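First the structure, in the form of structure tokens, and then the observations on it.
The values are calculated or read from the model by the stated rules, or taken from the named source; none is laboratory data. In this text the structure is predicted, and so the values were computed from the model without any measurement. Heads up, the Cβs are rebuilt from the backbone with ideal geometry, glycines too, and the neighbour counts pull from every protein chain shown. For the accessible areas, the whole protein counts, side chains as well, though only heavy atoms, and no ligand, DNA or RNA atoms are used. Shrake-Rupley method; radii C 1.70, N 1.55, O 1.52, S 1.80 Å.
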Amino acid sequence: MSTRRSAAEAFEKVPTLIFPNSAAAAAELAKEVKQIIETKNRAGKPAVLGMATGSTPVPFYRELIRLHKQEGLSFKNVITFNLDEYYGLKGDHPESYGCFMADQLFNHIDIPKENIHIPNGTIASDQVFAHCREYEEAIDAVGGIDLQILGIGRTGHIGFNEPGSSRESLTRRITLDRITRQDAASDFRGEENVPSFAITMGVGTILRAKKLVLMAWGENKAGIVAKAVEGPVTEVISASFLQDHPDARFLIDSGASRELTRFKLPWLVGPVSWTPRETQRAVVWQSVKAKRPVLKLVDEDYNENGLSDLLSEQGPAYQLNIRIFNRLQNTITGWPGGKPNADDTYRPERARPYPKRCLIFSPEPQDAIVAIGATIDRLREQGHEVRVVSLTSGSLRVADSEADKFASTLLELGATAADSAQWQAQTEYARELVKLIEDKGEFGEDPPALRSLKALILRGELRDAAHAVGVPQEKVVFLDLPFYEKGRYRRFFSSPEDVAAVAAHVRDFKPHQIYLTGDAADPSSVPAIAFKVTESALKECEQDDWFGTCTFWLYRGKEKAFEPHEIDMAVPLSPVQMERKERALLRYQSLSSLEHQSPQGNRDAAKQYDGLGLAEYEAMECFQRWKRS
Ligand code: GLP
């Protein structure tokens, strides 16, 4: 753990502790909570804890459960208040925060039911106001909250205090922001199913707690964490109000810390060891800041922006610029599998062996084609053997309406076929599916038959999309990893079974190149879990003959895109290739438009390179060499 350094304090307005991973942070916090419980109980008082939902607190809850089961920590004298609850969901809906808390914590510890408080999301509209007031009174009646746990939403909200929530706001019903609903879309299989309202403690309620601890994991949170920690206190980002609390802290992992000044612009905070990556970061930053290409930067640019130290070590500007320009230039290649018969001294990938066996891991069926479809296209076109492996079925993403469409088509086919008698079994199956969809209602769990139909729909779409970038059906493999089949979004657990399935597959293919994503994602997300599973599987293969000659390339899917200084290979796309990729993405009809966003990211990457003074391409797919630990 690295604690806040004094030089960073100029930027960070609330104590921010950075841990190597979420488990380490969760363990530390759980230890503190144990002490609070024991101290209060010794004084004959209950400990009052404020609880949060979402994927963020899950590792913390797991640790509390461990402390209960293995170290005898009792929750008999603990009272809890949850931050919020969706409004309008049935109490037994699996996505209700009541169910979430029962699953993730309360069912596994000895807390008395009457000590648990969660806003009631099923209360009649005309009673909401009174209910909220009673919630506030209940908190005060037990002497206030000793420690309030918080996560942070992409809008910067705590609880569900969306932008505009005032510092004084109390428990109330609010309308969810569009971004918040989009973020919850995969939990509810489509944005249209996400409730529009919630009941949440107010900012004022939260600030009354004696201690506040906000946790955040993964690069997707990095931007909003930096704004909340370093930016002004504002109603636009309710987490920024923590700056004004006398005992508030942020506990974050290294991914979520990336946008803090001490990491993003370390030269503004203290001495820097100028590794090639840091040097490249500084030059790129300077170019973006000055809005001038790298080769046009002059000594004054560096000197006036805190980079005189770099200049004295590696200057003058002219030489530094050329070196970095060449390094950036060398990342660009139209030959992601290496260029046969060419000098590859400065190429990102080696020429030999040729052709290569290239293994592309896609956490969910859409991820790889969305992120690196054009590279896949090129690899195959350049004679390499490409295999696309979808690690999970992705079935949880498919909306009921899609399944209904397929089942209804099958029904109609049975009814209109000339030999309809022969369609009896299929018709029965389709009828059963339509009924399953009707019976489970808007928010029900998918029974296994429905889940497998949804998986098949996505399988078809991936095959179709892969075909559109030239990969034949038989080169698309579906591992349907068990962690996904057994879980729900934000609550997945992997097991050795998952690792074994991936290891067996890699061993069978003996790749020369592996493309994968998820290293920087929120640790509870599908890409991050798939990444961890793959990482463990690769560890098992380390002694295999093929392993030593395999190269590993990271790409970015839904995670934050690489910045230019992080890129080791940039594959440019012509307008025609981009169109081809976009056409391939249209094959994913069952997914919401959000899943198709990457082409814009590819265009932005090309613009960035252009701005630095490199060639102007239509778009780029970018990769980082994975240095395995
Ligand atoms: C919801 C909850 C918040 C939570 C946020 C982030 O909006 N109301 O309390 O912090 O989601 O969720 P996650 O932790 O899954 O990123």
**Asked** ³J(HN,Hα) across region 66-80 via Karplus (A = 6.51, B = -1.76, C = 1.60, θ = phi - 60°), whole Hz, x for Gly/Pro?
**Response** 4, 4, 5, 6, 9, 10, x, 5, 9, 10, 4, 10, 10, 10, 10
**Asked** For labels at Ser420 and Phe263 in the simple 7 Å Cα→Cβ model, what's the distance in nm?
**Response** 6.3 nm
**Message:** Tell me the mean residue ellipticity at 222 nm calculated for the chain from its helices only (DSSP H runs of n ≥ 4, each -39500 (n - 2.57), averaged over every residue, nearest 500).
**Reply:** -12500 deg cm²/dmol
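How about region 218-327: which GluC sites (Glu not before Pro) there are in a DSSP loop, with at most 13 other Cβ atoms within 10 Å of their Cβ?
Details: sites: Glu219, Glu230, Glu235, Glu259, Glu278, Glu300, Glu304, Glu313; in loops: Glu235, Glu259, Glu304.
Hits after loop and neighbour filter: Glu304.
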**Request:** Output ³J(HN,Hα) for region 182-194: one whole-Hz value per residue in order, computed from phi by the Karplus curve 6.51 cos²θ - 1.76 cosθ + 1.60 with θ = phi - 60°, and x for Gly and Pro.
**Result:** 5, 5, 8, 4, 5, 5, 10, 6, x, 4, 5, 8, 6
**Complete:** Rounded to whole angstrom, the alpha-carbon centroid of region 96-168 lies from that of region 458-500 at a distance of 36 Å
**Request:** Show the residues, 5+ positions off or on another chain, whose built amide H is closer than 5 Å to the amide H of Phe19.
**Result:** Ile252, Asp253, Ser254
**Asked** Got a sec? Charge dipole of the chain, +1 on Cβ for Lys and Arg, -1 for Asp and Glu; which of Ile79, Asn303, Ile158 is way out at the positive end?
**Response** Asn303
**Prompt:** How do the peptides 369-381, 548-560 rank, highest first, by the average count of neighbouring beta carbon atoms within 10 Å per residue?
**Reply:** 369-381, 548-560
**Fill in**
At R0 = 25 Å the Cβ-Cβ FRET efficiency linking Asp110 and Gln35, nearest 0.05, sits at 0.85
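Skip the ligands, DNA and RNA, and give the accessible area per residue of the chain with a 1.4 Å probe, whole Å².
Here the per-residue accessible area is 42 Å².
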**Complete:** The extension gain from Thr549 to Glu497, computed as 0.36 nm times the residue separation minus the Cα-Cα distance, is 16.1 nm
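Would you kindly calculate the mean projected area, averaged across all directions, of the convex hull enclosing the Cα atoms of the chain, in square nanometres?
Average projection, Cα convex hull of the chain: 31.5 nm².
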**Spatially proximal lysines relative to Lys339 (Cα-Cα < 17 Å; intrachain offsets below 8 disregarded)** = Lys356
**Message:** Just to confirm the filter: which chymotrypsin sites (Phe, Trp or Tyr not before Pro) across region 478-527 are DSSP coil and have at most 16 other Cβ within 10 angstrom of their Cβ?
**Reply:** Phe493
**Prompt:** What full-extension length gain, to one decimal in nm, is calculated for Glu385 and Asp299 as 0.36 nm per residue of separation minus the Cα-Cα distance?
**Reply:** 26.1 nm
**Prompt:** Given 0.36 nm per residue, what is the gain on full extension from Ala27 to Thr122 after removing their alpha carbon distance, in nm?
**Reply:** 30.8 nm
**Asked** Is there a pair in Lys532/Lys627; Lys289/Lys581; Lys558/Lys607; Lys34/Lys69; Lys227/Lys264 whose C-alpha atoms are over 22 Å apart, and which pairs would that be?
**Response** Lys289/Lys581
**Asked** Which ³J(HN,Hα) values, rounded to whole Hz and listed in residue order, are derived for region 293-301 from phi using the Karplus coefficients 6.51, -1.76 and 1.60 in 6.51 cos²θ - 1.76 cosθ + 1.60 with θ = phi - 60°, glycine and proline given as x?
**Response** x, 3, 5, 9, 6, 10, 3, 4, 4
**Item:** Glu445-Arg178 pseudo-label distance in nm [points 7 Å out on the Cα-to-Cβ vector]
**Value:** 3.5 nm
**Request:** Would you mind listing how long region 18-262 runs along its three principal axes, going by Cα atoms, in whole Å with the largest first?
**Result:** 49, 44, 34
**Asked** Given Cα pairs under 8 Å that are at least 6 residues apart, what percent is the relative contact order of the chain?
**Response** 13 percent
**Asked** Hey, if you put +1 on the Cβ of every Lys and Arg and -1 on every Asp and Glu Cβ in region 181-337, which of Thr205, Pro336, Ser257 ends up farthest toward the positive end of that dipole?
**Response** Pro336
**Item:** Calculated FRET value between Glu428 and Lys510, using beta carbons and R₀ = 30 Å, to 0.05
**Value:** 0.10
**Message:** As an exercise, use a Förster radius of 56 Å and the Cβ-Cβ distance of Glu579 and Ala43 to find the FRET efficiency, rounded to the nearest 0.05.
**Reply:** 0.20
